[in-house]
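Beneath this line is the structure, given in C-alpha cells, with notes to follow.
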Amino acid sequence: MSETTPSPAPGSGIPESGNAAGRDEREVARFVERFALNLTESGFPRMAARVFARVLVEDEGSCTAAELARSLQVSAAAVSGAVRYLIRVGLLSREREPGMRRDHYRVSDDMWYEAFAQRDSQFLQWEATLREGAATLGPDTSAGARLDETRRFFEFLRAELPRLMEKWRAHHRDDPERDAGEP
C-alpha cells in the first residue's frame, strides 16, 4: 500500500472536506487506509481490511456494497469477496431492511467480543488436530513436543477466554468513557 491515500473520487458521493457532521472525509479516508494497513500487516486480506475499516467509520455502522465500492474506488466483485470473508469471521453481518432491495453490511458495537466468543469450537478443533499430530509424531520428538505445546496453548486460551470476556463485559458496562462521546 502506498504512503499516500487517494482522495475521494469525483462523483463518489464523498465530499472532499467536511460534511454535515463536520467530518473531513479526506482525513477519514486516510484513517481507513492506515487502519486497513494495520489489519493487513496482522494477517487480514487487504480488501477485507479496507472494507472493514470503511464500515467501522460510518456513524450508522453499515454500508451497501455499492457505497463501499464507490468510497473505496474498487469493483463490486472486490467488495463481494471481502464481505464474504468478514461475515465468515464474524466481523460483519448482512441485513436487509423490509421492502428494500440492497443488503447492508453492518458492524455491531460489540463485534470484537462476538468474534472472539465464536472461537471456542475453532479452538476445540485445533486442539483435537494438534493432539493427533503430536501423537503421530511422538511425544519424544521435537516436532511432537512443539505440536503438543501449541495444543496446550489453545487449550489454555479456550479455558481463559470466557473469564476474560466476562471481565470485558463488566469493564465495558461500568466504563465512564463508554458514553462520553454520545450526545
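Numbers below:
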{"quantity": "Number of positions in the range 148-161 that are among the aliphatic types (A, V, I, L, M), touching a helix residue (DSSP H, G or I) at 6+ places or on another chain (Cβ under 8 Å) and either part of a loop (DSSP other than H, G, I, E, B) or without any contact (Cβ under 8 Å) to a residue 40 or more places away in the chain (or both)", "calculated": "1"}
{"quantity": "Extreme residue, modelled with the highest pLDDT, among residues of the range 30-72 that are among the charged types (D, E, K, R) and not in a helix (DSSP H, G or I)", "calculated": "E58"}
{"quantity": "Test: residue in the range 135-147 that is among the acidic types (D, E), farther than 20 Å from V57 by Cα, modelled with pLDDT of 90 or more and outside any strand (DSSP E or B)", "calculated": "yes"}
{"quantity": "Which numbered condition R101 fails, given (1) within 25 Å of R54 (Cβ to Cβ); (2) touching a helix residue (DSSP H, G or I) at 6+ places or on another chain (Cβ under 8 Å); (3) free of Cβ contacts under 8 Å to residues at least 24 places away in the same chain", "calculated": "(2)"}
{"quantity": "Every residue from the range 92-134 that is of a type in the set (G, A, S) and either at pLDDT 90 or above or part of a strand (DSSP E or B) (or both)", "calculated": "S93, A128, G133, A134"}
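The values are calculated or read from the model by the stated rules, or taken from the named source; none is laboratory data. Here the structure is a predicted model, which means the values were calculated and not measured. As a convention, Cβ positions derive from the backbone with ideal geometry for all residues, glycine included, and neighbour counts pool all protein chains shown.
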